[in-house]
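Bear in mind that the values in this text are calculations on the coordinates, not laboratory data. Here the structure is a predicted model, which is why all the values come from computation and not from measurement. Counting neighbours? That spans all protein chains shown, and the Cβs are built from the backbone with ideal geometry, glycine included.
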Amino acid sequence: MAIHAEPQSKVDIREPVVNDFAFSVATKNGSGSQTSNNVLVMSLFRMGIPVNGKNLFPSNIKGLPTWYTIRASKDGYTARKAITEIVVAYNNDTAPEDVMNLPPGGVCITTDKIARVIRQRDDISYYIIPVTKLMRGAKVPSAFRKLVENMTYVGAVAQLFDISLDLIYQVLLDNFKGREKPARMNQDIVELAYHWTAENIVKSDPYRFETMDGTTGKIIMTGNDAGALGAIFGGVNVVAWYPITPSTSFVDGIIAHRYLRQTPEKENTIAIVQAEDELAAAGMVVGAGWAGSRALTSTSGPGISLMSEFAGLAYFAEIPAVFWNITRMGPSTGLPTRTSQGDLLFTHFLGHGDGRQICLMPGNLKEAFEFGWKSFDIAETLQTPVFVISDLDLGMNNWLSDPFDYPDQPLRRGKVLDADALQAFIDEHGKWGRYLDVDGDGIPYRTVPGTNHRFAGYFTRGTGHDEMATYSERSDDWVENMARLHLKMDTARSLLPAPIVDDGNEADIGIITFGTNEEAIREARDWLANDGIRTNYLRIRALPMAATVSDFIDAHQSVFVIENNYDGQLTQLIRLEHPENISHVRSLALGDGLPMTPSWIYDNLKEQEG
Amino acid sequence: MPPRTNALGLARNTYRGKPSTLCPGCGHDSISNQLITMAYELNLEQHKIIKVSGIGCSSKTPAYFLGGSHGFNALHGRMPSVVTGALLANTGLSCIAVSGDGDSGSIGMGQFKHVIRRNVPFVYIIENNGVYGLTKGQFSATADEGQFLKYYGTNHMPPIDLALEAVIAGATFVARSFSGDAKQVQTLLQAAVRHQGTAVLDIISPCVTFNNAETSTKSYPYGKDNEIPLHEIQILAPDYVPEQEEITIGDYAEGDMVTIQMHDGSFLRLKKLDNDHDPRNRRQAMDVLERSMREQIFSTGLIYYEEPRPTLADTEELTATPLAHLGAEQLRPPKEALDTLMSGLMAG
Ligand SMILES: Cc1ncc(C[n+]2csc(CCOP(=O)(O)OP(=O)(O)O)c2C)c(N)n1
Ligand code: SF4
Ligand SMILES: [Mg+2]
């Protein structure tokens, strides 16, 4: 429905839309809009409104356009919406396009300067804030002027859509860790704009926020922070890393929470080394895992590339370590600040020669935390590297979640023999060899350096070796070792987090996905259900994949594999693992650099399903 | 007659590893031998030692000494990062690491410099033969300018001096030696394992198969004829009580002897030979190395020594218990810690 309202004058006559619309805040990168956007998100969260905040930002420190989308959803949907009803157009470069992207009846909040060039639609509401004039009246030290200018839209938004000034001040205080001075400085601008808006703007849109009870007991956090916290509770000892977006804030999260693991004397139980490159970071965690500690590195595609030689070595030499791959878009630099699921195959097959790597794929905040600690148990149990594949969307954006569950199992350190256990092992089996599989699960027993037993030492190598870890170029030794590693990967299938399945819907259509598409899929499935199209759902959480994936495929007439990469990598993997009867498996692969939207899934699935 | 044993009651052959598979006469084997002797003489406990290496003939050698220790033959040029991780995981371990001139001077130059910069405490041996032995005789970056090899012709690049690079990177113990000089190698190894920082030993170690012509400065004949030790070195055990005067000598030029007290309380005594080199003087250390390179003088001995700065583990302020030995209660904060964090994040 298009309305033809004279901006800033007429009162809207439409039905009110409460707690169910989205904002896009368009600013310039580095202009300080982060605090403003964060304040809006946290205010809505505190009002009890389910909300998310996604930053669609450029690879740039200052100046290039950036969009922050905030979605409020009384029904609790937190996927990115394709269309936002409201734009805060504070970037003159993108404002013309931002305004054109609004749906009819949408709202544009902009500055008086920008308004001059963009007022070309008559089916939306324009609210024009005289930012320069307002700022002139503000008592802000000149050094901070530019930084707090964005608070003007916070004030306007608060007034127009009903967020209380008190609440905003509380959130600002939190944001500045209780320091009143900066909070007050920002609040002054918010209030100036708020009062100006109240006196000068006549609201002509139906959108409004209202306090509700949709976030009680919930938290908001980024996936990188959640994963980092998980690692802290998982007993991480050695962190080695090299900065790269979007993984950097993962290690920042560990640094921020390192205190939780200090001794009473304030000594550290976590070493954090900024390495000279990712190759060295990988070497450090492999060395640390070999020596019996829990080690982690966090990186993204380009760094994973550099780690591949160590990944292969660690797989073959059977050394536990945890590698987080916070995936971004494309090879080399690609789109470094855009999200993607494009490293799935690369990570799973990382390393030269035969073999595949264990991968965990968290789909939400809780799983980022859970896999944060569990990855160490899995790595040490299986004596192998574990790759946690997250992405920029989960890693760097704010996600709404239930609070995290404390680990429900004690630390699992795997088959490690201390001196006594080694002696007992030798007494029982006659000998111990590093790669001797006495349990038949492909997982041998290991000793770590420092074990005081004359047979504890062995020589770890990437070269061919037999069960006793002795150098060997014999074909049969090589093949036997490969067979055991293969068996170990099969053992892994049942130890790894099982898929999330929703298959009780008497549906012919099955949807398979992994990672962060879940929210968009959930919403799209609800829309489809409204149209009478029932679907079942399975989200793979680990590789090598569970046997139940095959059953799910067989149980449906039509299967869609939904993923956020261009090549349909999960589809390829399914074809590899499940080659029979898969003509009914179709790929819905996107890969456009942005978090998936429900409408893309809905439209494409409906089109393909005919 | 029972075999001679050390203070731990162990015979020297208990410090051996697997039989070497290197070419007979390879310089690297002599260094392995000196490592065996060193560990035996110093009564080292093998389970407290790790051996780490990169890739190359040189890097194979950890399989040939201290068979009771854990060893890790890692990746080409990446030994330093593995050592860094392992020694952070367990500060109770000592590490003897072996690399080659290709391993450290080319592919691993970055890690070589950075591990020194971080002052990870370990013995970093470069078995320097001027060629890539394992890949059959290509020039390495330490080959002399103008050197001729049958397959690869003449090397037109100036050499990289790895001892000099170590000094520049901030190493606090830098020595050069010759694998044909068993006595000096032995003494330097015994000093290096006592050092609480990265101790770099650039040991010229002839490749008898690809680079042993008299004309090569990395050959046995050349080394035997041209090695000029900077000093005679002696190590005095911790219980040795030196005359007060000797330890407090501030200016080397005044005497012909310098005494350095090492971390474990032992003393390193250097008796000057025909030169004024004071290893405690960084400028002089660099000068000696530069002159050696320019004038092709084969100076050996302790080139540079400095009181070590804090190690990486010190800088990280790690707890005294090795991280690898921490129990579950130190690895996982209690449930209350998570609950507190969570409730602090809740809307209300
Ligand atoms: C990444 C990688 N590139 C190349 C090689 C092949 N390679 C093995 S050893 C070696 C050179 C070793 O030379 P050096 O370190 O001087 O050791 P040496 O054999 O002379 O003792 C090379 C290039 C490898 N193993 N790994
Ligand atoms: S090729 Fe050269 S370096 Fe390698 S083992 Fe033979 S002599 Fe030694
Ligand atoms: Mg060499």
B:Glu329-B:Asn43 FRET efficiency (beta carbon distance; Förster radius 25 Å; 0.05 resolution): 0.10
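How crowded by other chains is A:398-411, given as the mean number of beta carbons from other chains within 10 Å of each beta carbon?
Values: counts 0, 0, 1, 2, 1, 7, 5, 3, 9, 3, 0, 0, 2, 4.
Neighbouring Cβ atoms belonging to other protein chains average 3 per residue here.
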Of A:Lys218/A:Lys415; B:Lys150/B:Lys224; A:Lys28/A:Lys139; B:Lys150/B:Lys183, pairs whose Cα-Cα distance is over 27 Å: A:Lys218/A:Lys415; B:Lys150/B:Lys183
Estimated inter-spin distance, A:Asp441 and A:Asp123, nm [label 7 Å along Cα→Cβ]: 6.3
Label-point gap, in nm, between A:Asp508 and A:Met468 - each point 7 angstrom along Cα→Cβ: 6.4
J(HN,Hα) series, segment A:60-74, from Karplus relation 6.51 cos²θ - 1.76 cosθ + 1.60, nearest Hz, glycine and proline x: 5, 8, 8, x, 6, x, 9, 10, 10, 9, 10, 10, 9, 9, 4
Principal-axis tilt of helix A:598-609 within chain A, Cα atoms, nearest 10 degrees: 70
Amide N of segment A:480-523 lying under 18 Å from the label point, which is placed 7 angstrom from the Cα of A:Asp603 along Cα→Cβ: A:520-523
Distance from segment B:1-74 to segment A:90-158 (C-alpha centre basis), Å: 73
Relative exposure of A:Tyr68, A:Tyr471, A:Tyr153, judged by other C-beta atoms within 10 Å (fewest first): A:Tyr471, A:Tyr68, A:Tyr153
For segment B:205-222, Karplus couplings with θ = phi - 60° (6.51, -1.76, 1.60), whole Hz, Gly/Pro x: 9, x, 8, 6, 8, 10, 8, 10, 6, 3, 6, 8, 6, 9, 9, 4, x, 5
MRE, 222 nm, helices only [DSSP H, n ≥ 4, -39500 (n - 2.57), over the protein assembly as shown, to nearest 500]: -10500 deg cm²/dmol
Exercise: per-residue mean of other protein chain Cβ atoms within 10 Å, A:499-509: 0
Stretch gain in nm, segment B:Thr5-B:Ala237, where the contour uses 0.36 nm per residue and the Cα spacing is subtracted: 81.7 nm
Inter-label distance for A:Asn200 and A:Asp166, nm, one decimal - labels placed 7 Å from Cα along Cα-to-Cβ: 2.8
Highest to lowest packing among B:188-201, A:421-434, scored as the average C-beta count within 10 Å: B:188-201, A:421-434
Kyte-Doolittle mean at least -0.5, axial Cα span of 20 Å or more - DSSP H helices of chain B: B:27-41
Environment charge of B:Arg332, counting only residues whose C-beta is closer than 15 Å and scoring Lys/Arg +1, Asp/Glu -1: -1
Long pairs among A:Lys146/A:Lys366; A:Lys146/A:Lys266; A:Lys54/A:Lys177; A:Lys374/A:Lys431; A:Lys74/A:Lys181, criterion Cα-Cα beyond 28 Å: A:Lys146/A:Lys366; A:Lys146/A:Lys266; A:Lys374/A:Lys431; A:Lys74/A:Lys181
Efficiency of FRET from Cβ geometry, A:Tyr259 and A:Leu335, R₀ 41 Å, rounded to 0.05: 0.70
Average silhouette area of segment A:17-208, convex hull of alpha-carbon atoms, in square nanometres: 10.2
Ranked list, fewest to most other Cβ atoms within 10 Å of each Cβ, for A:Phe233, A:Phe404: A:Phe404, A:Phe233
Reach of B:Lys113 by Cα under 15 Å, taken over aspartates and glutamates that are not fewer than 8 positions away in the same chain: A:Glu276, A:Asp277, B:Asp101, B:Asp103, B:Asp161, B:Glu165, B:Asp202
Chain A: angle of helix A:151-161 to the longest principal axis, Cα-based, in degrees nearest 10: 70
Extreme residue, positive dipole direction of the protein assembly as shown, given options A:Thr384, A:Ser558, A:Met329 (C-beta unit charges): A:Met329
Vicinal HN-Hα couplings computed from phi for segment A:350-367 (Karplus, 6.51 cos²θ - 1.76 cosθ + 1.60; Hz; Gly/Pro x): 5, x, 8, x, 6, x, 9, 9, 5, 10, 10, 10, x, x, 7, 5, 4, 6
Lys, Arg +1 and Asp, Glu -1 on Cβ, resulting dipole of the protein assembly as shown about Cα centre, debye, nearest 20: 1140
Degrees, to the nearest 10: A:278-290 long Cα axis against longest axis of chain A: 50
R0 of 51 Å, Cβ-Cβ distance A:Gln572-A:Ile83: FRET efficiency to nearest 0.05: 0.95
Inter-part distance where segment A:574-610 and segment A:208-225 are each reduced to a Cα centre, Å: 30
Shielding of B:31-42 by partner chains, average beta-carbon count, 10 Å: 0
